[in-house]
Every structure is written in C-alpha cells, then in structure tokens.
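Below is one structure; the comments refer to it alone.
Read-outs: derived from the displayed coordinates by stated rules, not from any lab. Everything quoted here is computed from the prediction, not taken from an experiment. Neighbour counts are summed over all protein chains in view; Cβ atoms, including those assigned to glycine, are modelled from backbone coordinates with ideal geometry.
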Amino acid sequence: MNTQLKTTSLHQWHTDAGANMADFGGFDMPLWYETGVKNEHLAVLKSAGIFDTSHMACIFVGGKDAFALLNYCFTRQLSSLEPGRCVYGAFLDKQGRCIDDAIVYKFSDTRFMVCVNAGMGGVIAKHLGSQKQAMDLEISDLSGKVAKMDIQGKNSAKILSRLIKNPGLVFGKMPYFSFKGSLSHGALSEGTNQEGVTLLDGTPVLLSRSGYTGEFGFEIFLDPAVILSLWKDTLIAGVPFGITACGLGARDSLRTGACLPLSHQDIGPWKFSNHPWEFALPYTLDKKGFTKNFLGAKALAPSKDDNFIYPFVGQTLRKVTAGDTTRVLDETRENIGRVLSCATDMGIGLLGNKIVSINTPGLPLDLKITGISCGFVMVSKPLEPGAKLTLNEGKRSIDVTIATDIRPDRTARMKLDTFI
Amino acid sequence: MKEISDLNFSENVKYTKDHEWAKLNKDIVTIGLSDYAQDQLGEIVFVELPEVGDIFTKGDEFGSVESVKAVSEVYLPISGEVVEINGALEDNPELVNEDCYEGGWLIRLKPDNLLELDDLMDKAAYLDMLKG
C-alpha cells in the first residue's frame with residue numbers, strides 16, 4: 001500500500017476480509033471482496049449490500065447567509081427545499097465547468113450540510129469561501145470527521161429496522177431524498193428538529209434516503225468511532241437477507257446502470273450542460289432560462305463548439321476501456337468523441353430489443369440475464385436516442401446504441417412502505 | 001491482489017512472459033492462463049476464443065479475456081492449429097479464476113514444432129520473473 005493514501009475507519013476490516021484494494025480519490029479503498037463484483041452487484045439488486053463511503057467528505061455551512069451563498073454556488077434551486085430534504089446538484093466555476101457534484105442537506109434556513117466526493121471537502125470549502133465576500137456565515141470542512149456507510153437494496157429498511165430505535169417512526173414519511181437525525185457532536189449535532197435517529201445503543205446517526213446505486217436504500221452518516229460496530233452489526237442483522245459487503249467495483253457498475261454520473265469522469269472541468277443530468281440545473285419549465293442566477297450560469301448558454309454527453313447501451317456484456325484509447329465511431333466511421341464511462345451492468349439483459357432487469361416483473365423463465373455493457377460518451381454533435389455507434393479500441397469493437405436510460409425497474413424512488 | 005507466495009504455480013506446465021501456460025500431453029498442447037494472470041485480471045466475465053481449425057503462429061493474439069476490471073488479450077506460446085476450445089467457458093468463464101490449470105484451460109493446439117516449448121519458462125524461472 002502506498003503510504004501516501006488515506007484510509008477510512010473500516011480499512012482494517014476491508015483488508016481482513018481479503019478485499020482487493022486500490023487508490024480512489026486518494027483513499028485506499030476496496031474494489032471488491034472475495035464475493036466478487038458480479039455477486040456484489042446482484043446482491044444489491046436482489047436484496048441488500050453495504051458500502052464504505054467514508055472517503056466522501058462533508059462540509060457544514062451555517063449562518064444567516066448560508067442559504068444565499070449555497071443558492072448562488074449550487075446548481076439546484078434551494079429556495080423550495082424544505083428542512084429534512086436533500087437535493088443533488090453541482091458546484092460550477094465561472095466558466096460553467098463542474099468542480100464537483102454534491103448533495104445539499106437542509107437542516108434549517110441557516111444550517112446546511114454538503115456531501116461531496118473523496119478529497120473534495122477542502123476544495124469545495126475553499127471554493128465556497130472564495131465566493132463568500134461579506135456574507136455572514138461559517139464554512140467548516142468536516143473531512144475525516146464524519147464517516148458514512150450506504151445500505152442499498154430492497155431489504156435495506158428491513159435490515160436497518162433491526163439496528164435503530166423506533167424504526168416505525170423513523171421510516172414513517174421518509175420519501176426519496178429526505179433525511180432524519182443528526183450526529184453526536186460538532187456542527188451537525190442539532191439535527192432538523194424532527195425526531196432523531198439513534199442506534200439501539202443510543203448513538204445518534206444521520207439517516208438519508210438516498211444512495212448511488214439507483215436502488216432503494218439509505219446513506220448513514222455517523223461518528224467515525226462507531227462505524228465499525230454498525231458495519232459489523234449490519235452484516236449480522238443482514239444474514240437472513242443475504243446482505244453482502246460491496247466494493248467500489250459494484251458501486252460503479254450499479255451507478256452506471258442507474259444512469260448516474262461519476263464526478264471527474266462523466267462530469268468534470270468542462271461545460272456542465274448537454275448531458276443526461278440537466279435535472280440538476282434550475283431550468284425554467286420552457287427550458288429557455290434559469291429560475292435563479294448562479295455561479296457559472298452565463299457560461300452554460302449554447303455555443304457552436306458544444307459537446308454532448310449521452311448514455312449508451314451495448315448488446316452483450318462486452319465492454320471497452322473508458323478514456324482516450326477508445327474511439328467513438330458514428331455510422332460513417334468518423335471518430336466523434338470519447339468514452340467517459342463503460343461498465344457492465346450484470347443485472348440487465350435483452351428480451352428481444354428491450355432491456356430488462358432481473359427485477360423486471362413477468363420475465364420468461366428461460367431468459368438468461370448475463371449483463372450488458374453501458375456507460376456515457378461525450379460526442380461533438382447532437383445524437384438522437386437509438387443512434388448507433390461503434391466503440392473501437394484497437395482490434396476490439398462493440399456496437400452500442402444511444403439511450404435515454406439504462407437499467408429499468410429500479411427501486412430507488414419507490415414508496416418506502418413497499419419495502420417493510 | 002494476492003501475494004505471489006499465495007498463488008498456485010503448477011509444476012507440470014511451461015509459462016510465457018505474458019502469463020499464459022502450455023502443457024504437452026501426447027502430441028497436443030493445452031493452453032491457459034496462470035494463477036498470477038487470473039488474479040491480476042480479477043473476476044472474469046467473458047472469454048473470447050478462436051475457432052477449431054484456426055492456425056496461429058507463436059506470439060499471435062488468439063483471443064481475449066474480459067474481467068470486471070479490464071480486457072486483456074491472450075497470446076499463443078507456440079505455433080499450431082486449434083483442435084479444441086474449452087466450451088465450458090461460454091457459460092462459466094469464472095472457471096479461469098477458480099481452476100486455471102484444469103477446468104479453466106482455454107484451447108488445445110496441435111503444435112507445429114514441439115521445440116518451441118523449450119523457449120518457455122519452467123516454474124522456477126517464471127517465479128523469478130514475477131518477483132523481478
């Protein structure tokens with residue numbers, strides 16, 4: 001292991017479990033365990049998986065002008081965000097390029113938490129500080145002070161209900177992208193004035209109904225000192241459900257299938273528009289303008305040299321390497337761009353021309369689902385859904401189709417009651 | 001990834017610098033991937049093999065192995081004609097991970113020149129190369 005790499009509080013557990021470890025955002029993180037990426041991916045689709053996501057960073061923004069600063073720097077319209085709700089968006093620079101994506105959590109009109117990617121706590125805290133000017137607020141980079149684990153999959157609530165006090169109360173009225181609870185100390189200890197969330201031993205946690213797999217589940221923020229015991233308890237409570245510890249490999253294939261971007265790969269230091277995540281911009285209904293002024297907005301106006309990002313799906317599980325070694329060929333064999341991400345979603349297959357998931361109801365019994373490659377391309381001209389491309393890497397080529405979505409029948413947005 | 005000391009290196013095969021192995025049985029050579037190669041690749045999800053009857057020269061790319069992590073070409077340790085491919089890998093590519101020297105073999109070849117086997121490494125030489 002490179003001694004420069006940071007570790008999370010679960011690092012010893014990962015290595016004891018025989019995980020394949022690698023550098024991700026400056027952290028030595030598990031790519032997969034002995035279970036293997038495929039089984040980890042399928043466990044989340046069929047039942048439940050847990051992920052160590054403590055490499056991600058939290059920032060607290062509090063004070064009279066906290067809302068004003070965040071609403072200027074973040075791409076989502078925060079004026080309609082209620083306390084106890086969170087929202088996905090991005091921080092752009094003046095040129096409209098994405099510095100990082102994030103989820104903003106609103107505790108109250110004057111208290112917010114921002115969750116950003118690995119190693120980005122300091123960067124985004126500094127960025128916010130640079131825009132603060134005379135505003136009355138406090139920005140605290142909580143990198144390393146808050147741990148996080150995600151439990152994802154349809155049995156997540158059933159498993160969590162064995163680990164928290166008053167699960168019935170906690171899970172009542174908990175829609176997608178809402179959160180409850182607080183942390184034991186520091187800036188995040190005041191919570192949302194709603195009922196708290198505590199583990200059976202009284203440890204407070206912040207429970208967010210969100211995740212990065214496209215499937216039903218939760219992200220749990222807590223004190224780094226207690227994550228190991230919750231991690232172990234979750235694996236024990238999840239035994240009847242076949243819960244599986246999952247590494248970043250399965251996290252990547254699940255999020256790609258769920259059509260979610262990876263920051264610094266699918267979104268990054270280029271114009272944050274003409275991509276599948278335009279819901280993260282505060283467009284007016286007619287999409288001709290924005291509902292607010294925000295940093296980078298002016299630079300997002302269409303221009304001649306715009307690029308376009310689209311999801312694609314292959315025909316089989318065969319994939320190509322993302323990056324500059326792979327060419328994106330249109331039907332005239334002209335190279336029109338680059339592959340941003342390419343992964344195999346092991347839980348999807350083709351039924352005729354239609355993509356189905358192992359969670360699609362009414363599948364023919366003899367249908368064998370072995371996975372389909374998918375990802376995102378950045379191309380120099382607009383394409384319609386259904387457009388055919390060839391991704392070519394040396395002697396290897398795969399035929400892919402531009403899509404509007406990838407894995408069907410995802411569970412993330414379904415009513416929580418469905419899963420208890 | 002495992003430590004080299006935790007990997008299994010069969011005594012009965014010859015190795016290439018690209019981490020394939022070759023084993024002579026009567027006049028047919030079986031070819032596969034070493035334990036080091038499968039461990040580096042990670043979980044294998046697809047194996048692309050040539051057709052029976054294809055003729056290759058030593059060093060030719062004869063197929064590819066796709067893992068969750070990467071795609072890797074495989075190269076022939078010796079020249080010859082493909083006489084059999086491991087059909088079990090179509091449905092169970094993970095055999096390459098689980099049993100790389102037996103059930104996870106890739107192809108069988110009728111060699112042009114058995115002397116080419118002498119250019120390959122035995123276990124000790126291969127281990128020396130891995131340990132650098």
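Which of B:75, A:39, A:170 sits farthest toward the positive end of the charge dipole of the protein assembly as shown, with +1 on the Cβ of Lys and Arg and -1 on the Cβ of Asp and Glu?
With unit charges placed on the Cβ atoms, the residue in question is A:170.
So for the pair residue A:306, residue A:80, with labels modelled 7 Å out along Cα→Cβ, what separation do we get in nm?
Here the answer is 2.3 nm between the modelled labels.
If R0 is 45 Å, what FRET efficiency do you get for residue A:68 and residue B:124 from their C-beta distance, rounded to 0.05? Before the final figure, lay out each step's value.
Details: r = 70 Å, r/R0 = 1.56.
Rounded to the nearest 0.05, the efficiency is 0.05.
Output wanted: per-residue J couplings in Hz (rounded whole) for the range A:16-28, from phi through Karplus 6.51 cos²θ - 1.76 cosθ + 1.60, θ = phi - 60°, x for Gly and Pro.
Coupling constants for the range A:16-28: 4, 7, x, 5, 7, 9, 7, 6, 9, x, x, 10, 7 Hz.
With an 8 Å cut-off on Cα pairs and a minimum separation of 6 or more residues, tell me the relative contact order of the range A:307-410 in percent. Each step should come with its number before you reach the end.
Numbers: 256 pairs, mean separation 42.6, N = 104.
The value is 41 percent.
Which distance in Å, rounded to a whole number, links the C-alpha centroids of the range A:361-420 and the range A:1-60?
25
Which value in deg cm²/dmol, rounded to the nearest 500, describes the helix-derived mean residue ellipticity at 222 nm for chain A, given -39,500 (n - 2.57) per DSSP H run of n ≥ 4 and division by the residue count? Don't skip to the answer; put the middle values down first.
On the way: 8 runs with 67 residues, N = 420.
Dividing the helical sum by the residues of chain A leaves -4500 deg cm²/dmol.
Express in whole angstrom the spacing between the alpha-carbon centres of the range A:254-311 and the range B:45-76.
Measuring centre to centre over Cα atoms gives 40 Å.
Might you report the magnitude of the Cβ-based charge dipole of the range A:186-335 about its Cα centre, with Lys and Arg at +1 and Asp and Glu at -1, to the nearest 20 debye? Don't jump to the answer; show the numbers that get you there.
Values: 14 positive and 17 negative charges, 87 e Å.
Result for the range A:186-335 is approximately 420 debye, rounded to the nearest 20.
Taking the Cα centre of the range A:307-410 as origin, work out the dipole magnitude from +1 charges on Lys and Arg Cβ and -1 charges on Asp and Glu Cβ, in debye rounded to 20. Present the calculation step by step, with values, prior to reporting the outcome.
Values: 13 positive and 11 negative charges, 46 e Å.
Roughly 220 debye for the range A:307-410.
With contacts defined as alpha carbon pairs under 8 Å and 6 or more residues apart, what's the relative contact order of chain A in percent? Display every interim value, and only then the final one.
On the way: 1001 pairs, mean separation 74.2, N = 420.
With pairs under 8 Å counted, the relative contact order is 18 percent.
If you build the convex hull over the alpha carbons only and average its shadow over all orientations, what do you get for the range A:357-420? Give it in nm² to one decimal.
Values: hull surface 29.2 nm².
Over all viewing directions, the range A:357-420 projects a mean Cα-hull area of 7.3 nm².
Using 0.36 nm times the number of residues separating residue A:4 and residue A:274, minus their current alpha carbon distance, what extension gain do you get?
Working it through step by step, the gained length comes to 93.5 nm.
Given 0.36 nm per residue, what is the gain on full extension from residue B:11 to residue B:117 after removing their alpha carbon distance, in nm? Mind showing how you got there, number by number?
Numbers: separation 106, 0.36 × 106 = 38.16 nm, distance 1.47 nm.
My answer for the length gained is 36.7 nm.
For residue A:322, what charge total do you get from the other residues with a beta carbon under 13 Å from its beta carbon, if Lys and Arg give +1 and Asp and Glu give -1? Walk me through the numbers before you get to the answer.
Working: positive: A:319, A:327, A:338, B:69; negative: A:252, A:266, A:324, A:393.
Local charge sum for residue A:322: 0.
Would you please give the FRET efficiency between residue A:325 and residue A:235, computed as 1/(1 + (r/R0)^6) with r the Cβ-Cβ distance and R0 = 45 Å, to the nearest 0.05? It would help to have the intermediate numbers written out before the result.
Details: r = 39 Å, r/R0 = 0.86.
Efficiency for this residue pair is about 0.70.
Can you give the FRET efficiency for residue B:61 and residue A:200, using 1/(1 + (r/R0)^6), R0 = 56 Å, r = Cβ-Cβ distance, to the nearest 0.05? Before the final figure, lay out each step's value.
Working: r = 57 Å, r/R0 = 1.02.
Computed FRET efficiency for residue B:61 and residue A:200 comes out at 0.45.
Find out how many positive minus negative residues lie around residue A:116, taking Lys and Arg as positive, Asp and Glu as negative, among other residues whose Cβ is under 11 Å from that of residue A:116.
On the way: positive: none; negative: A:100, A:101, A:141.
Taking every Cβ under 11 Å from that of residue A:116, the sum is -3.
Using unit Cβ charges (K, R positive; D, E negative) and no other charged atoms, how large, in debye to the nearest 20, is the dipole of chain A about its Cα centre? Let's see the in-between values first.
Working: 45 positive and 41 negative charges, 126 e Å.
So the dipole magnitude of chain A works out to roughly 600 debye.
Tell me the net charge near residue A:211. Cut-off is 13 Å between Cβ atoms, residue A:211 excluded, with +1 for each Lys or Arg and -1 for each Asp or Glu.
Values: positive: A:148, A:154, A:209, A:251, A:255, A:410, A:413; negative: A:150, A:215, A:219.
The answer is +4.
Work out the P(r) tail for the range B:1-45: percent of alpha carbon pairs separated by more than 14 Å, whole number.
On the way: 506 of 990 pairs.
Tail of the P(r) past 14 Å holds 51 percent of the pairs.
Let me make sure I get this right: for the protein assembly as shown, a, b and c are the square roots of the gyration tensor eigenvalues over alpha carbons, sorted descending. Under 1.5 in a/c it's rounded, otherwise prolate if a/b > b/c, else oblate. Which is it? It would help to have the intermediate numbers written out before the result.
Numbers: a/c = 2.09, a/b = 1.65, b/c = 1.27.
Prolate, because a/c is 1.5 or more and a/b exceeds b/c.
Could I have the simple spin-label model distance between residue A:381 and residue B:98, label points 7 Å from Cα toward Cβ, reported in nm to one decimal?
4.8
With a ≥ b ≥ c the root eigenvalues of the C-alpha gyration tensor of chain B, is it rounded (a/c under 1.5), prolate (a/b larger than b/c) or oblate?
On the way: a/c = 1.73, a/b = 1.11, b/c = 1.56.
In terms of gyration-tensor shape, oblate.
Structure shown: which of A:94/A:298; A:354/A:415; A:94/A:132 lie over 18 Å apart, alpha-carbon to alpha-carbon? Write out the running numbers ahead of the final one.
Numbers: A:94/A:298 8 Å; A:354/A:415 26 Å; A:94/A:132 14 Å.
Over 18 Å apart, Cα to Cα: A:354/A:415.
Let a ≥ b ≥ c be the square roots of the eigenvalues of the Cα gyration tensor of the range A:266-420; is it rounded (a/c under 1.5), or, if not, prolate (a/b larger than b/c) or oblate? Walk me through the numbers before you get to the answer.
Working: a/c = 2.39, a/b = 1.19, b/c = 2.00.
Here the range A:266-420 falls in the oblate category.
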